[in-house]
Amino acid sequence: MAHRTPVLTSRTADERTGASLFFKAENLQRAGAFKFRGAYNAIAALDDDARARGVIAYSSGNHAQAIALASRILNVPATIVMPEDAPAMKVAATQGYGAEVVRYDRYTQDRVALGRTLAEARGLTLIPPYDHPDVIAGQGTLALELIEETGPLDMLVVCLGGGGMLSGCALVAAERAPGCLVVGVEPEAGDDGQQSFRAGRIVTIPVPRTIADGAQTTFLGSMTFPIIQERVADIVTVTDYELVATMRFFAERMKLVVEPTGCLAAAAVMHGRLDVRGKRVGVVISGGNIDLASFARHVAG
């Protein structure tokens with residue numbers, strides 16, 4: 001089962017923003033990111049036959065590690081399709097949990113097609129990183145915990161890649177905190193979510209060049225997009241520079257190791273991309289999986 005992660009506060013962050021901020025620290029989740037929630041939920045829902053045959057997933061890192069760890073806990077064979085340029089730490093952790101890793105080139109190969117082909121050939125159950133009802137439901141549990149601990153929020157700011165966490169959190173917020181505005185945040189270079197939200201249809205972009213490797217998605221999911229359309233107030237973007245500055249803030253002021261993708265929501269709040277003054281704001285820190293060399297290079301640069 002997933003850990004109930006802590007909700008952290010920072011007087012410095014509150015003073016800088018003029019808001020009361022509540023950071024949901026999913027960097028302290030099992031496997032180092034929120035992804036464990038959805039992965040465990042999806043695998044636990046499988047019948048015995050499907051578990052015996054095994055599962056397959058595609059991911060740049062956090063979903064990979066989550067599926068690998070959840071599979072190990074539930075005694076299910078796991079195969080993970082990972083890009084050749086995935087962070088070495090994430091690949092090593094995925095293999096360390098016992099999963100088979102299949103590599104691909106994210107700029108020339110289609111991970112979805114590759115995953116489906118392998119699933120069919122090997123008789124495996126494909127568990128995508130975001131476009132899956134059990135994954136969406138699992139990710140939403142972090143918002144449930146946050147609201148239970150903090151009480152009503154005026155705004156909930158969530159990192160956005162493919163939309164599993166954002167859609168799951170939006171569904172929970174609508175039920176448990178109806179007055180709460182839910183906002184997604186993605187990297188400026190990978191604004192497919194914002195474009196889709198504005199256009200009213202799923203927009204596909206080339207693989208974005210950003211340090212937020214967990215948000216290098218090129219389109220929202222067919223399940224996540226309708227939920228985001230209906231339940232999310234807005235989608236904003238932040239720059240890689242703002243992500244680095246936020247990593248540094250977490251390290252210096254809150255003694256937290258947070259990966260670039262994990263800083264998306266906080267960067268938007270801390271750098272004025274949203275009007276949060278006078279509001280009670282939940283901020284998701286989505287993950288902390290970054291190798292120490294990269295972390296040191298970013299925060300010391």
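In order along region 78-88, the phi-based Karplus estimate (6.51 cos²θ - 1.76 cosθ + 1.60, θ = phi - 60°) of 3J(HN,Hα) comes to 9, 10, 10, 8, 10, x, 4, 9, 4, x, 4 Hz; Gly and Pro are listed as x. Selection among Gly161, Thr108, Ser60 by position relative to the dipole of region 60-213 gives Thr108 as farthest towards the positive end (Cβ unit charges, Cα centre).
Within region 182-281, the proportion of Cα pairs with more than 20 Å between them is 39 percent. Bridging of Lys35 to aspartates and glutamates at a Cα separation below 19 Å is possible for Glu26, Glu100, Asp131, Asp134, Glu145, Glu186, Asp213, Glu259, Asp291, once same-chain residues fewer than 8 apart are set aside. Once the C-beta distance of Glu148 and Ala199 is scaled by a Förster radius of 51 Å, the resulting FRET efficiency is 0.90 to the nearest 0.05.
A full extension of the chain between Arg122 and Lys255 corresponds to an added length of 43.5 nm, given 0.36 nm per residue minus the alpha carbon distance. In this structure, the amide hydrogen of Val102, modeled 1.01 Å from its nitrogen in the peptide plane, lies closer than 5 angstrom to those of Ile80, Val81, Met82, counting only residues at least 5 positions away or on a different chain.
Working from Cα pairs under 8 Å separated by at least six residues, relative contact order for the chain is 22 percent. Computed over protein heavy atoms with a 1.4 Å probe, the accessible surface of region 176-283 works out to 41 Å² per residue. For region 144-284, a simple Cβ point-charge model (Lys and Arg +1, Asp and Glu -1, everything else neutral) yields a dipole of about 200 debye relative to the Cα centre. Along the charge dipole of the chain, pointing to its positive end and built from +1/-1 on Cβ of Lys, Arg, Asp and Glu, which listed residue (Tyr97, Pro133, Phe295) has its Cα farthest out? Among Tyr97, Pro133, Phe295, the one farthest towards the positive end of the dipole of the chain is Phe295. Derived value for region 1-128: Kirkwood hydrodynamic radius 15.6 Å. Basis is the mean of 1/r over every pair of different alpha-carbon atoms. Computed over the Cα atoms of the chain, the ratio of the radius of gyration to the Kirkwood radius (Rg/Rh) comes to 0.95. When we measure straight from the Cα of Lys279, which lysines land under 20 angstrom away, once same-chain ones fewer than 8 places off are left out? Answer for Lys279, where 20 Å is the Cα cut-off: Lys24, listed by chain and number. Spin-label pair Arg16-Ala296: with each label point 7 Å from Cα along the Cα-Cβ axis, the two points sit 2.4 nm from one another. Note on region 1-55: with charges restricted to the Cβ of Lys and Arg (+1) and Asp and Glu (-1), its dipole about the Cα centre is near 140 debye. Close amide H pairs (under 5 Å, H built 1.01 Å from N) link Ile56 with Thr79, Thr125, Leu126, Ile127, residues at least 5 positions away or on another chain. Note on the chain: helix-only mean residue ellipticity at 222 nm, from DSSP H runs of 4+ residues weighted -39500 (n - 2.57) and normalised by residue number, equals -13000 deg cm²/dmol. Taken about its Cα centre, the chain carries a charge dipole of roughly 400 debye when the Cβ of each Lys and Arg holds +1 and the Cβ of each Asp and Glu holds -1. One decimal place: the segment Ala88-Gln229 gains 47.2 nm when fully extended, by the rule 0.36 nm per residue minus the C-alpha distance. Across region 132-246, the fraction of Cα-Cα pairs farther apart than 25 Å, rounded to a whole number, is 19%.
Sequence-distant contacts, meaning Cα pairs under 8 Å at least 6 residues apart, place the relative contact order of region 1-86 at 25 percent.
Listed values for region 175-186 are Karplus-derived 3J(HN,Hα) couplings in whole Hz (6.51 cos²θ - 1.76 cosθ + 1.60, θ = phi - 60°), namely 7, 9, 9, x, x, 7, 7, 9, 10, x, 10, 10, and x replaces Gly and Pro. Taking the protein heavy atoms of region 1-91 in the context of the full set of protein chains, the accessible area attributed to carbon and sulfur is 47 percent at 1.4 Å.
The values are calculated or read from the model by the stated rules, or taken from the named source; none is laboratory data. Note that the coordinates shown come from a computational prediction; the quantities given were computed from them, not determined experimentally. All Cβ positions, glycine included, derive from the backbone under ideal geometry; neighbour counts span all protein chains shown. Remember, those area values only see protein heavy atoms, side chains included, never the ligands or the DNA or RNA. Shrake-Rupley method; radii C 1.70, N 1.55, O 1.52, S 1.80 Å.
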